[in-house]
Amino acid sequence: MEGNQYVVIGLGRFGSSLAKELVKLGYEVLGIDKCEEIVNEMSGELTYTVEADSTDEDMLRSLGIRNFDCAVVAIGDDIQASILTAIVLKDLGIKKVVAKALSDLHGKVLERIGVDRIIFPERDMGARVAHQLVSPNLLDYIELSEEYTLAELSVPSKMSGQTLKQLDLRATYGCSIVAINKKSGMVIAPTADDIVESNDIMVVIGTNEQIESFERSAYK
């Protein structure tokens, strides 16, 4: 996913959290909000910031929105603006449109107009969503502390059929598989002889750097 550029529209609590986390992860982020004060506050945090009406198709086109790989509609309390913005982004041909929903009904409308992923902020923190956007193999992400992370990851094809002893993640990357979610059920504290298969989900614990290193190597 290297080189991806993100645009986050709506820089409230959720949008700003997500945008800043994406920047921290090393991605270029354009932040858009209709409030001049918020845009000025975020100007030093993001790669670019613009005060603009996101429902104005000509304005978005002039900003080169079509060159961005993913757009996140994180508009706070204006459902109409959220829906209209998502429609404009889809019409402009953005590869991936993600939108925050304020209710189940709002989410259904966003789904009907073709939004690729719906986020419910009550359930999804901005930082967690940022990690999931840039790592498609990352199914869930929980920050245990500033340094340590618990991550749910799909098993890459090249690891399928191997035992944990053969993989030896601790020796290679420093992180550990603490559980394996199989179709037959969850295996807690797996042994060295337990095997991971392509349909399994690994629960991995380690530092942020260790898990990022594992992701870069395992999913090439």
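The values are calculated or read from the model by the stated rules, or taken from the named source; none is laboratory data. Given the structure is predicted, the values throughout are model-derived calculations rather than measurements. Here Cβ is always computed from backbone atoms with ideal geometry, including for glycine, and neighbour counts include all displayed protein chains. Accessible surface areas use protein heavy atoms only, side chains included; no ligands, DNA or RNA. Shrake-Rupley method; radii C 1.70, N 1.55, O 1.52, S 1.80 Å.
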Identify the single condition in (1) at pLDDT below 90; (2) open to solvent by 30 Å² or more (accessible area, probe 1.4 Å); (3) not aromatic (F, W, Y) that T191 does not satisfy, given that it satisfies every other one.
(1)
Of the residues that make up segment 97-117, is at least one in contact with an Asp or Glu (Cβ under 9 Å, 6 or more places away or on another chain), modelled with pLDDT under 95, hydroxyl-bearing (S, T, Y) and surrounded by fewer than 19 Cβ atoms within 10 Å (Cβ to Cβ)?
no
Under 7 Å between Cβ atoms, at least 6 apart or on separate chains: pull out the pairs that start in segment 18-41 with a residue that is part of a strand (DSSP E or B) and end on any residue that is open to solvent by less than 20 Å² (accessible area, probe 1.4 Å) and among the hydroxyl-bearing types (S, T, Y).
V29/Y6; I32/S54
If a residue has to be open to solvent by 30 Å² or more (accessible area, probe 1.4 Å) and either touching a residue at least 12 places away in the same chain (Cβ under 8 Å) or in contact with a Lys or Arg (Cβ under 8 Å, 6 or more places away or on another chain) (or both) to count, how many in segment 173-184 make the cut?
5
Working carefully through the options L153, L133, find the one that is assigned to a helix (DSSP H, G or I), open to solvent by less than 70 Å² (accessible area, probe 1.4 Å) and modelled with pLDDT under 90.
L133
